[in-house]
Amino acid sequence: MWSTLNPTFSSLAGKRVWIIGASSGIGAALATQALHEGAQVILSARRIDALMQVAKQHQAAQLLPFDVCEVALWQSAFETIVESGQGVDLVVFCAGDYLPERAWDVTPESAKKTINVNLMSVYSGLSTILPAMMERGSGGIVLVASVAGYVGLPNASVYGPSKAALINLAEVLYTDLHPKGIGVYLVNPGFVKTPLTAKNEFEMPALQTPEQAAGAIWQGVKRGRFEIHFPWRFTTVLKLIRWLPYRWQFALMSKLVSE
């Protein structure tokens, strides 16, 4: 039985969706599928040229390029959306940064960059959009985290903790916002073939395409699920590992590093 912790709906047609990080990978696939389904989609990222490629031939696409790490730009971006319509029904936080790093490779600069994109930009966005959603008493927030937030995976020294923080944040947001009529959707993908995962030098199990990931995400959102994780054959294994005693967890992680 599918969980229905959030409101359900049958189609994205007519929904106003703001996708943060829509220039490539999962974000681009989410935008394309939502546009094909009849949603009005606002696409945001830094690269206007990439956004134009995603939005081509779609009249319902609105391009809103900006750097999500620039706190001051969020308010002006949101004001542009409000002026062009009636706010947004769903905001998808999909901007991400990843650098494969062992603990001794991390620098303050690289850590700050990843955390700013993966986590701090979400706080900037939330402070901007939540007042309007709370006043309206409706809307939805989609946080794209990762199964790397479940357990301490090798090479994810900063990426993993940033995604673990998003998982925790989604849980907090649900408790705060559900009584106010706002849906919260937590997305924990496994490995997806994107420019970020192309940095990995190891074979990625159960690797999915961005289109497969986007399809699973939209299906989960429509069904009102709180956590949307996929592919199940991979994510379920990691969920089980998370419940193992630390001695066994660490043994498994050490084996992954040595292989």
CD proxy, 222 nm, the chain: helix-only mean residue ellipticity via -39,500 (n - 2.57) per DSSP H run with n ≥ 4, per residue, nearest 500, stands at -14000 deg cm²/dmol
Between S76 and S138, the two model label points (7 Å from Cα along the beta-carbon direction) sit apart by a distance in nm of 3.2 nm
Here the net charge surrounding G125, from other residues whose Cβ is less than 14 Å away from its Cβ (Lys, Arg +1; Asp, Glu -1), is -3
Restricted to the chain, the DSSP antiparallel beta bridge percent, nearest 5, is 0 percent
Here, GluC sites (Glu not before Pro) of segment 193-250 satisfying both criteria (DSSP loop; at most 13 other Cβ within 10 Å) are E201, E203
For segment 101-259, whose charge dipole is built from +1 on Lys and Arg Cβ atoms and -1 on Asp and Glu Cβ atoms, the candidate among V237, G224, V187 with its Cα farthest towards the positive end is G224
Rounded to 0.05, the calculated FRET efficiency for the beta carbons of Q59 and T209 at R₀ = 30 Å is 0.70
With +1 on the Cβ of every Lys and Arg and -1 on the Cβ of every Asp and Glu, the dipole magnitude of the chain about its Cα centre, in debye rounded to the nearest 20, is 600 debye
For segment 29-66 the trypsin sites (Lys or Arg not before Pro) that pass both the DSSP coil test and the at-most-13 other-Cβ-within-10 Å test are R47, K56
So the angle from the long Cα axis of helix 25-36 to the longest Cα principal axis of the chain, reported in degrees to the nearest 10, equals 30 degrees
Candidates for Cα extents along the principal axes in Å are (1) 74, 55, 37; (2) 54, 41, 31; (3) 48, 43, 38, and the calculated one carries label (2)
Candidate cut points under chymotrypsin sites (Phe, Trp or Tyr not before Pro) in segment 29-129, DSSP loop plus at most 13 other Cβ atoms within 10 Å of their own Cβ, are none
Projected onto the charge dipole of the chain (unit charges on the beta-carbon of Lys, Arg, Asp and Glu, signs +1, +1, -1, -1), the Cα from I115, F9, V91 with the largest positive-side position is that of F9
Here, I241 and S84, labelled 7 Å along Cα→Cβ, have an inter-label distance in nm of 4.1 nm
Phi angles of segment 99-109, converted by Karplus (6.51 cos²θ - 1.76 cosθ + 1.60, θ = phi - 60°) into ³J(HN,Hα) in whole Hz with x for Gly and Pro, give 9, x, 9, 7, 4, 7, 8, 6, 10, x, 5
For the table K113/K163; K15/K222; K199/K239; K163/K193; K180/K222, the rows whose alpha-carbon distance is greater than 21 Å are K199/K239
A chain fully extended from W104 to A50 at 0.36 nm per residue, minus the present Cα-Cα distance, gains in nm 16.0 nm
Over all viewing directions the Cα convex hull of segment 38-87 casts an average projected area in nm² of 3.6 nm²
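Here, each number is a calculation from the coordinates, and none is a lab measurement. Quick caveat: nothing in here was measured; it's all calculated off a predicted structure. Cβ: placed from backbone, ideal geometry, glycine included. Neighbour counts: every protein chain shown.
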